[in-house]
Amino acid sequence: MDYKLDPVNEMIVKAARDFCDQEIMPIADQIVEKNDYPSDLLERFAKARMLGLVIPKEYGGVGSSNLNIILIVEELGKTGTVCAWPMTMNNSTAETIYHWGSEDVRKTFLPSLCDGSAYASTAFTEPATGSDPTLITTTAVPDGDDFVINGTKRYITGGNKKGYGVFYVRDGELKDQKGNITAIIVDKSSEGYSTSEPWEFMGLEGMNCVDVFFKDVRVPQSNVLGDRGNGFKILLRWIAGERIEQAGYMLGLGQAALDESVRYCKERLVRGKPMGYMQGIQWMLAEMKSKIEACRLLTYRAASVQDAGESVEVLSAELKIFVVPTVQEITRLALQIHGSYGYSKEYKVERLFRQAAHAGVVASSSEINRTIAGAALLR
Ligand SMILES: Cc1cc2nc3c(=O)[nH]c(=O)nc-3n(C[C@H](O)[C@H](O)[C@H](O)COP(=O)(O)OP(=O)(O)OC[C@H]3O[C@@H](n4cnc5c(N)ncnc54)[C@H](O)[C@@H]3O)c2cc1C
């Protein structure tokens with residue numbers, strides 16, 4: 001068993017670090033202030049060959065691996081910005097379209113998701129439900145060659161950015177509860193498609209999560225992914241990958257929290273000496289480091305299993321059960337080490353702490369992950 005990254009992986013990490021230094025860190029504060037990122041952000045990712053990472057080259061992709069996505073996401077997480085999210089959303093939504101879409105659908109939608117001219121979304125949450133997508137009420141009623149969609153989606157990342165989204169809708173003609181969810185690609189500039197202002201969260205500034213309103217939006221039936229009524233299966237597969245990407249992001253936040261803490265311990269004087277001399281502080285740093293390494297191994301392994309083509313539905317839930325509270329505790333320790341400065345917006349750890357808070361409730365909650373992993377043990 002080899003736990004080392006290969007030379008290509010190492011090259012990707014180096015490229016991602018350079019990208020973060022040159023393209024992301026200079027705009028990090030601006031994103032928080034404006035609660036938005038620059039409109040050409042995805043094009044910057046595309047130039048750096050960080051979109052369409054697992055999409056074959058013939059559709060404009062890079063033909064790389066899920067592990068390489070995670071390595072990039074980890075570096076983006078270290079910046080403490082939301083920039084990982086538009087990037088992962090384009091990568092994961094494109095992968096869903098590639099995996100389930102017809103040849104025509106692939107050719108129509110993948111190139112612009114890979115070159116960064118289109119922003120992707122994936123939408124299942126609604127005002128009345130997030131954890132149980134079988135209860136969604138947004139309807140798609142067949143009419144000629146189209147579906148006519150009506151309803152409201154909630155917290156849709158990038159729902160307000162031009163491009164395409166995979167939307168999960170209740171298929172009007174089908175009966176069974178799970179079996180009438182259909183996944184369909186919607187052009188976000190369609191007539192009748194509108195959005196709210198972005199939600200303001202305790203962190204993740206610039207996430208661009210909006211409510212999406214459908215008023216008689218016509219979408220060609222040919223935009224359906226897989227078979228009609230197969231949407232629940234498509235969603236479960238997508239969200240499993242999303243959990244691994246989220247773990248990669250958390251890993252980056254945790255590593256940044258440790259790096260900031262080590263630096264602070266060397267600089268800050270307590271009783272006339274750099275505060276790292278205190279054994280209690282060293283123990284905190286040691287605990288943070290060992291836990292980050294454990295998170296890293298689990299996350300890389302999950303991505304490698306995904307690359308091997310195996311199901312990661314249960315593994316990704318187990319991954320989040322460990323990584324989410326572990327990194328949340330690491331960012332809390334970082335804040336503690338910084339004393340009151342850690343509570344101040346002038347220090348990066350304040351932002352890292354707030355960013356980490358999202359992960360227990362987004363892309364399947366901690367309770368849902370326990371339900372998935374626990375039920376799997378009893379099957
Ligand atoms: C920053 C951010 C980005 C997001 N991006 C997107 C996006 O791009 N697309 C999208 O579709 N959604 C998105 N969401 C929505 C998010 O995925 C949902 O909010 C999430 O799935 C939880 O749903 P909910 O808030 O409706 O909670 P609910 O489902 O109402 O759950 C409430 C509480 O009950 C618990 N609970 C629910 N069911 C069970 C159960 N069976 N057993 C035990 N406990 C249970 C939950 O764990 C939670 O603690 C985003 C949210 C945020 C904050």
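Since every read-out is calculated from the coordinates, none of them should be taken as a lab result. The structure displayed is predicted, hence computed values, not measured ones. No Cβ is skipped: glycine too gets one built from the backbone with ideal geometry, and neighbour counts run over all protein chains shown.
In percent, rounded to a whole number, the relative contact order of the chain is 16, using alpha-carbon pairs under 8 Å and six or more apart.
Both the radius of gyration and Dmax for the range 154-267 are 18.8, 66 Å, in that order, over alpha-carbon atoms. Given +1 at the Cβ of Lys and Arg, -1 at the Cβ of Asp and Glu and no other charges, the dipole of the chain around its Cα centre is 1120 debye to the nearest 20.
I'd like the distance between the alpha-carbon centres of the range 42-120 and the range 265-327, rounded to an integer number of Å. When both Cα centres are located, 26 Å separates them. Under a Gaussian network description of the chain, with springs only between Cα atoms under 10 Å, the residue in Gly272, Gly280, Gly60 that fluctuates furthest is Gly272. When peptides 338-347, 163-172, 307-316 are sorted by average Cβ neighbour count within 10 Å, with the highest value leading, the order is 163-172, 307-316, 338-347. Given only helices, namely DSSP H runs of n ≥ 4 each adding -39500 (n - 2.57), what is the per-residue ellipticity at 222 nm of the chain, to the nearest 500 deg cm²/dmol? One gets -16000 deg cm²/dmol as the mean residue ellipticity at 222 nm.
For the range 179-244 versus the range 355-379, the inter-centroid distance based on Cα atoms is 21 Å. Across every pair of non-identical alpha carbons in the range 233-377, the mean reciprocal distance, once inverted, gives a Kirkwood radius of 16.0 Å. Here the alpha carbons of the range 117-180 define both size measures, Rg and Dmax, at 12.4, 38 Å.
Taking the empirical scaling 2.2 N^0.38 Å for compact globular proteins as reference, the range 7-117 has a Cα radius of gyration ratio of 1.05. If the viscosity is 0.890 mPa s and the temperature 25 °C, what Stokes-Einstein diffusion coefficient in µm²/s follows for the chain when Rh is the Kirkwood radius over Cα pairs? For these conditions, the coefficient is 115 µm²/s.
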